[in-house]
Amino acid sequence: MTSLPAPERQCSACAEVAGHLSAPGGVIVDDGLWYVSHHTGPYTDPGELIVKTRRHCESLAELTLQEAESLGPLLRAAVGALERTVTAERIYAVSFNERLRHVHFLLLPRTAAMPRGHVISDIYRRLRALLRKARLASNPSVAERAAAASRVRQELPGA
């Protein structure tokens, strides 16, 4: 493991790419430009993925031409793999890059039991995480999240 240069030292995405942080199930895709893994958060559901640039960059405008050209096909393939492996009504693909200032996309399966709509769904996910943290709701295990990552990896071409 190598030490991270500043400003990447404070970036959890860069820490994961450098091997300092592990996602359940490990790396799903690493094509040299993009890095796909399960969400590392402790209160996430199986199948919640993060697609991030391998190098530290904070804006889509900073993508190289090669990164930009490969992004669409990778998102398409990852969403397709999720649709084949996770029972979901929709797969949300979102990118805020606020708290984690590293270009990344969250791929979030919305099950039939979850409310529709991105704002309501986000509030639901946050409330559910608080309930899980307080142990008032069951939390999927790391093994369940790792198994979902493994299923997605098997479904992704070239993974």
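The values are calculated or read from the model by the stated rules, or taken from the named source; none is laboratory data. Note that the structure is a prediction, hence the values are computed from the model and not measured. Positions of Cβ are generated from backbone atoms using ideal geometry, with glycine treated the same way; all protein chains shown enter the neighbour counts.
Key figures for this structure:
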{"quantity": "Leading residue by the ranking (surrounded by the most Cβ atoms within 10 Å (Cβ to Cβ)) among those in the stretch 95-105 that are assigned to a loop (DSSP other than H, G, I, E, B) and either of a type in the set (S, T, Y) or touching a residue at least 60 places away in the same chain (Cβ under 8 Å) (or both)", "calculated": "H102"}
{"quantity": "Within the stretch 106-127, considering residues that are among the basic types (K, R) and surrounded by fewer than 17 Cβ atoms within 10 Å (Cβ to Cβ), the one farthest from V36 (Cα to Cα)", "calculated": "R116"}
{"quantity": "Residue check for E48: over 13 Å from V152 (Cα atoms) and either charged (D, E, K, R) or modelled with pLDDT under 95 (or both)", "calculated": "no"}
{"quantity": "Subset of the stretch 130-142 [in contact (Cβ under 8 Å) with a residue 40 or more places away in the chain and either exposed (fewer than 12 other Cβ atoms within 10 Å of the Cβ) or under 25 Å from A81 (Cα atoms) (or both)]", "calculated": "N139, P140, V142"}
{"quantity": "Test: residue in the stretch 131-139 that is within 28 Å of V17 (Cα to Cα) and in a loop (DSSP other than H, G, I, E, B)", "calculated": "yes"}
{"quantity": "Total residues in the stretch 12-33, condition out of contact with any Leu (no Cβ under 7 Å at 6 or more places or on another chain) and more than 21 Å from A78 (Cα to Cα)", "calculated": "3"}
